[in-house]
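Peer 1: I have a structure here, written as structure tokens, and I will follow up with some questions on it.
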Amino acid sequence: MNPLERLRNNIQTVFFGRPEVVTHLLVGLLARGHVLIEDVPGVGKTVLARALARSINCQFSRIQLTPDLLPSDILGVSVYNQDRQEFTFKPGPIFANIVLADEINRTTPRTQSSLLEAMNENSVSVDGQTLQLPRPFMVVATQNPFEFEGTYFLPENQLDRFLLRIQLGYPQRDRELAILREQPGQNRLDTLDPVLSSEEVEALQGQAAQVKIDPLLLEYMLDIVTATRTHELLHTGISPRGSLALTHAVQALALVNKRDYVTPDDIKEMVVPVCSHRVITKSYMANGDITTAVRIMQELLQNIPCPM
């Protein structure tokens, strides 16, 4: 059994949701990206994120984001050492390999923005110093729908830092029956053993970056990206950073599917989770509607011909 199969199987011993959700989480890990898991409470967002973290032998931290959380609670703070008569930096929970940012849209925009540099640069600036974060580094954030009371909209520049935005949905009947029968609760998750080392994860990330993409498929992805920039219902299309994110995601998906080359199906599977949160619809600008973007991306996939 290859390392990715071991990792997938280990996660699925405690997470009984849709298998493709686990696949997309692994894509985020291999593409050196961050993943936003969005859905209603109680469908397994935190279980999925913690199962990934416990399956890898690396440093894990969880940040429960609340309205009163400050940026220093995430990044760390300098404390005066009376004996040495100097300030000593005490790192915050962001200094870990896998960081679970639970309910990210329940904290204030100021605290949300403190994650930006860490997610984009793999480093943080504290007291005029730039400190590198450990490798590998991945943020798995969860959020409840905006309609729930006490939530804050994630700003567009924050959303753009996430490689993927995925939704779990309600489990199928047979899988929910397994949840009720086997009750994979907190105790079982806490005893989950790691099956990969951080060094193995970095090696897999290097392999993903080497996956081949046919030039025609690069043109196909660019056709999709370009179409979002001129779409009549979109206020803002996908940026070059978004097209690069799509490239990394399809390479990672090919590796998860045991291939060293990208297929058209890889692109079609990744377009919605990678691109739908990177566009701004005109309906969103008018009334905050966020449901149109997914439909537009699905329509573009149907209308743009695939060259292969």
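Peer 1: Given contacts defined as C-alpha pairs under 8 Å and at least six residues apart, what's the relative contact order of the chain, whole-number percent?
Peer 2: Numbers: 522 pairs, mean separation 67.3, N = 308.
Contact order relative to length: 22 percent.
Peer 1: What is the ratio of the Cα radius of gyration of the chain to 2.2 N^0.38 Å, where N is its residue count, to two decimals?
Peer 2: Numbers: Rg = 19.8 Å, N = 308, 2.2 N^0.38 = 19.4 Å.
Scaled against compact globular proteins, the figure is 1.02.
Peer 1: If I fit a long axis through the Cα atoms of helix 45-54 and take the longest principal axis of the Cα atoms of the chain, what angle between them do I get, 0 to 90°, rounded to 10?
Peer 2: 70
Peer 1: Just from its helices, what would the mean residue ellipticity at 222 nm be for the chain, if runs of 4 or more DSSP H residues each count -39500 (n - 2.57) and the sum is divided by every residue, rounded to the nearest 500 deg cm²/dmol?
Peer 2: Details: 15 runs with 142 residues, N = 308.
It comes out at -13500 deg cm²/dmol, rounded to the nearest 500.
Peer 1: Let me ask something additional. Using the Kirkwood radius over Cα pairs, work out the Stokes-Einstein diffusion coefficient for region 207-308 at 4 °C and 1.567 mPa s, in µm²/s as a whole number.
Peer 2: Roughly 94 µm²/s, to the nearest whole number.
Peer 1: Identify all lysines with a Cα-Cα distance to residue 258 below 20 Å; exclude those on the same chain that are fewer than 8 residues away in sequence.
Peer 2: 212, 268
Peer 1: Can I ask one more? Can you list residues whose amide H is under 5 Å from residue 77's amide H, if they're 5+ apart or on another chain and H is modeled 1.01 Å from N?
Peer 2: HN-HN under 5 Å from residue 77: 90, 92.
Peer 1: Taking every Cα atom in region 40-161, find the radius of gyration and the maximum pairwise distance Dmax, and write them in Å.
Peer 2: Computed over the Cα atoms of region 40-161, radius of gyration and Dmax are 15.3, 51 Å.
Peer 1: Between 80, 261, 220, which gets the highest mean-square fluctuation from a Gaussian network model of the chain, Cα cutoff 10 Å?
Peer 2: Looking only at 80, 261, 220, the biggest GNM fluctuation is shown by 80.
Peer 1: GluC sites (Glu not before Pro), restricted to region 183-265: which are DSSP loop and have at most 16 other Cβ atoms within 10 Å?
Peer 2: Within region 183-265, the qualifying GluC sites (Glu not before Pro) (loop, at most 16 other Cβ atoms within 10 Å) are 232.
Peer 1: Just flag the trypsin sites (Lys or Arg not before Pro) in region 1-85 sitting in loop per DSSP whose Cβ has no more than 14 other Cβ atoms within 10 Å.
Peer 2: 84
Peer 1: Now for a separate question. What are the ³J(HN,Hα) values, in whole Hz, obtained from phi via the Karplus relation 6.51 cos²θ - 1.76 cosθ + 1.60 with θ = phi - 60°, for each residue of region 94-100 in sequence order, with x given for Gly and Pro?
Peer 2: Ordered by residue, 3J(HN,Hα) equals 5, 7, 8, 6, 10, 10, 9 Hz.
Peer 1: Sticking with this structure for a sec: Hey, can you grab everything whose amide H is under 5 Å from the amide H of residue 234? Only 5+ residues off in sequence or another chain; H modelled, so Pro and N-termini drop out.
Peer 2: Long-range HN contacts for residue 234: 282.
Peer 1: In degrees from 0 to 90, rounded to the nearest 10, what is the angle of the helix 292-303 Cα long axis to the longest principal axis of the chain?
Peer 2: Taking the Cα atoms of the chain, the angle to 292-303 is about 40 degrees.
Peer 1: What percent does the relative contact order of region 9-136 come to when contacts are Cα pairs within less than 8 Å and at least six residues apart?
Peer 2: 22
Peer 1: When the Karplus curve 6.51 cos²θ - 1.76 cosθ + 1.60 is applied with θ = phi - 60°, which whole-Hz ³J(HN,Hα) does each residue of region 75-90 get, with x for Gly and Pro?
Peer 2: Using θ = phi - 60°, the values come out as 7, x, 8, 8, 10, 6, 8, 5, 5, 8, 6, 8, 8, 10, 7, 9 Hz.
Peer 1: Read phi for every residue in region 211-218 and hand back ³J(HN,Hα) as whole Hz from Karplus 6.51 cos²θ - 1.76 cosθ + 1.60, θ = phi - 60°, with x for Gly and Pro.
Peer 2: Result, rounded to whole Hz: 5, 7, 10, 4, x, 5, 6, 4.
Every number in this text was worked out from the coordinates using simple rules, so none of it is lab data. Owing to the predicted nature of the structure, the values given are computational and were not obtained by experimental measurement. Here the Cβ is made from the backbone with ideal geometry for all residues, glycine too, and neighbour counts use every protein chain on show.
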